[in-house]
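Written below as structure tokens is the structure these notes are about.
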Amino acid sequence: MRNNRKIMIAGNWKEHFTVAEASHFLHKLEESVINHQSIEVVLFPNILTLQPLSVQLDRRKFRLGSQDGFYEDAGAYTGEVSMAMLRELVHYVLVGHSERRHIFNENDDVVAKKMQAAVRNGIMPVLCVGETLQERLAGETKQVLHNQITAGLMNLTSREVGAIVVAYEPVWAIGTGEFAKPDQVEEVVKYIRKQVAELFGERTAKLVRILYGGSVDEHNAISYLLLEDCDGALVGGASLNQYKFASIVESAFRVQQRRTVRV
Ligand code: PGA
């Protein structure tokens with residue numbers, strides 16, 4: 001059974017690059033990324049650089065996403081930038097990235113509100129979920145994912161959920177160089193799709209895109225992209241190098257071509 005979900009390669013630049021550096025890097029990336037048609041390549045730079053990059057960006061090649069966004073549209077929330085403000089600049093927003101959950105103590109309630117705010121403002125959220133090493137060793141992976149998915153998708157309709165993206169990012173694999181094995185990813189990604197089917201129906205589950213993230217690089221990316229249920233990758237460290245990121249995009253392009261032929 002094939003699917004016609006479009007592969008997404010997302011580059012999470014985290015807290016890197018000043019405005020000038022981001023602009024310079026984007027320029028290099030535009031030169032390095034050649035084949036991108038029929039896949040989606042989304043860049044997540046820091047919020048400060050979104051505006052200038054939105055002017056510079058070759059829209060045929062890349063889309064922009066925000067690494068975060070606040071759930072109240074406007075008000076006395078010092079330091080926050082709302083989804084209502086971001087909507088003019090981005091297509092996507094990361095919600096519940098493990099660094100937000102663990103360093104900034106974002107709980108499931110905050111994640112759910114951000115998901116709803118993104119959808120309400122017409123931004124596609126990428127809901128990040130994943131277990132810690134301790135949870136995996138204790139055999140709690142599925143329970144943790146179940147809870148994060150159920151909470152994150154609360155109050156959304158089937159139609160809304162069909163358009164979102166879920167990123168499976170085991171916390172122990174993020175920024176550690178220790179990536180999950182493809183069969184581990186396959187098992188979890190299938191489980192996530194099953195969860196979505198139980199909550200929102202089979203049709204929605206077939207539409208939702210599920211990515212893998214955690215030490216993805218130019219060597220291992222292909223092994224995840226070839227998994228039937230995995231629709232792309234969320235790349236951190238390797239997205240800061242134009243050759244590595246372009247090579248991951250190239251792998252995705254080739255896999256998507258193969259998928260299209262077989263549909
Ligand atoms: P990494 O980060 O590729 O550096 O592990 C992934 C992420 O945090 O999204």
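The values are calculated or read from the model by the stated rules, or taken from the named source; none is laboratory data. None of these values were measured; they are calculated from a predicted model. When we count neighbours, we look across all protein chains shown, and the Cβ atoms used for this are built from the backbone with ideal geometry, even at glycine. Side chains included, ligands, DNA and RNA excluded: accessible areas come from the protein's heavy atoms. Shrake-Rupley method; radii C 1.70, N 1.55, O 1.52, S 1.80 Å.
For the chain, what does the helix formula give at 222 nm: sum of -39500 (n - 2.57) over DSSP H segments with n ≥ 4, over the residue count, nearest 500 deg cm²/dmol?
After summing the helix terms and dividing by residue count, I get -13500 deg cm²/dmol.
Starting from the alpha-carbon convex hull of the chain, give the projected area averaged over all orientations, in nm².
Computing the convex hull of the Cα atoms and averaging its projections yields 13.0 nm².
Tell me the accessible surface of HIS27 in square angstrom (1.4 angstrom probe, heavy atoms of protein chains only), to the nearest ten.
In the full protein context, HIS27 sits at about 100 Å².
Give me the percent of accessible area attributable to carbon and sulfur for the range 1-89, probe 1.4 angstrom.
51
Report Rg(Cα)/(2.2 N^0.38 Å) for the range 86-137, keeping two decimals.
1.25
Ignoring ligands, DNA and RNA, what accessible area per residue does the chain give at 1.4 Å, in Å²?
Per residue, the chain has 46 Å² of solvent-accessible surface.
Within the accessible area of the range 206-263, what % is carbon and sulfur when the probe is 1.4 Å and the other protein chains stay in place?
C and S atoms contribute 53 percent here.
Under a 1.4 angstrom probe, counting protein chains only, how are ILE47, ILE248 ranked by accessible area, largest first?
Greatest to least solvent exposure: ILE47, ILE248.
About its Cα centre, how strong a charge dipole does the range 100-240 have in debye, to the nearest 20, once Lys and Arg get +1 and Asp and Glu get -1 at the Cβ?
540
Ordering ASP183, ASP58 by accessible area with a probe of 1.4 Å, largest first, what comes out?
ASP183, ASP58
Please report how far the C-alpha centroid of the range 123-154 lies from that of the range 186-262, rounded to the nearest whole angstrom.
17
Given the convex hull of the Cα atoms of the range 82-171, what is a quarter of its surface area in nm²?
Averaged projected hull area, Cα only: 5.6 nm².
Using the Cα centre of the chain as the reference point, and only Cβ charges (+1 on K/R, -1 on D/E), how large is the resulting charge dipole? Debye, rounded to the nearest 20.
I would put it at about 1020 debye.
Ratio of alpha-carbon Rg to the 2.2 N^0.38 Å globular estimate for the range 1-130, to two decimals, please.
Dividing the Cα radius of gyration by 2.2 N^0.38 Å gives 1.08.
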